[in-house]
């Protein structure tokens with residue numbers, strides 16, 4: 001138990017360096033405009049605290065792997081859930097590296113992103129992700145035939161006219177046999193997409209193999225395989241569902257804030273407790289503030305809440321729940337998918 005706590009404490013402590021360094025509350029004057037925020041971000045950009053941030057998450061993972069090896073079923077469950085949450089955090093940190101705002105040097109950000117997230121988690125190379133996310137998704141969010149994220153939702157069965165049973169199954173698609181198969185197929189495709197296939201495959205396999213050799217099959221299975229193949233994909237899927245009004249966004253013209261206000265959503269604007277839980281688990285590092293990110297993708301996550309408060313406000317759709325209210329995201333998506341051209345809603 002003591003050694004687990006040592007790794008947890010060290011990991012959390014390392015992560016705070018980046019949080020403190022970029023905090024908008026640190027300093028004599030709090031930035032009040034987009035220009036102020038960008039200037040402060042440029043002033044504080046560095047290559048050291050992001051490395052400490054990523055190292056901190058990996059140290060925490062070591063603590064959870066030790067728990068899986070030592071504390072039986074409780075440790076297995078804790079390691080699986082914590083591993084999935086940590087993988088989501090690594091995904092989001094690397095997402096900001098893809099946008100070029102994780103570090104001062106874009107090259108340093110790409111190297112950190114590859115070493116700490118893309119290679120061990122089996123993601124595509126950074127340039128491929130940048131092409132798909134920055135150049136294809138951002139300008140074309142919610143546009144059928146152009147947005148790769150929307151194609152992913154369609155492939156899981158979320159299409160106009162979907163029946164209720166298929167819709168509910170699609171909400172947990174990564175946990176279904178078809179979804180797990182798609183995850184494995186996606187990992188294979190990611191490695192095939194890579195130029196250096198052999199070393200990326202070796203890098204992806206290295207962690208579970210080392211875990212099994214050092215700590216036993218329990219650590220490898222519950223500390224790596226279950227979160228990577230099942231739980232993390234489900235958390236990432238939930239995040240994808242709450243990024244946009246995927247099926248009823250009205251195209252508008254204007255500056256980025258106006259365009260994104262029509263097609264983004266902002267979850268939990270009036271529920272601090274639910275927002276805090278989401279930010280700590282499945283919507284980490286600015287993912288809860290997807291509208292602010294979509295409007296200004298070159299702003300680091302540390303400043304998105306301030307940007308929303310001082311400059312942007314919230315988009316048109318601000319649901320207070322994911323599942324259980326009239327305005328909940330899931331109900332909103334289902335109504336959009338089952339609405340006929342004449343405006344009636346078909347419920348099956």
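A few points about this structure:
- Near pairs, Cβ below 7 angstrom, 6+ apart or cross-chain, from the stretch 163-184 (more than 30 Å from residue 205 (Cα to Cα)) to any residue that is assigned to a helix (DSSP H, G or I): 167/334; 167/337
- The criterion of being in contact (Cβ under 8 Å) with a residue 40 or more places away in the chain, touching a strand residue (DSSP E or B) at 6+ places or on another chain (Cβ under 8 Å) and on the phi < 0 side of the Ramachandran plot does not hold for residue 291.
- Those residues of the stretch 30-55 which are under 22 Å from residue 9 (Cα atoms) and surrounded by fewer than 22 Cβ atoms within 10 Å (Cβ to Cβ), in sequence order: 48, 49, 51, 52, 55
- Taken over the stretch 237-256, residues that are surrounded by fewer than 18 Cβ atoms within 10 Å (Cβ to Cβ) and either touching a strand residue (DSSP E or B) at 6+ places or on another chain (Cβ under 6 Å) or over 18 Å from residue 336 (Cβ atoms) (or both) amount to 4.
- The stretch 8-40 - residue that is within 23 Å of the chain's Cα centre (by Cα) and outside any helix (DSSP H, G or I) and, of those, nearest to residue 58 (Cα to Cα): 23
None of the figures in this text is laboratory data; all of them are computed from the coordinates on show. What you see is a predicted model, and the numbers here were worked out from it, not measured in a lab. Note that each Cβ is placed from the backbone with ideal geometry, even for glycine, and that neighbours are counted across all protein chains shown.
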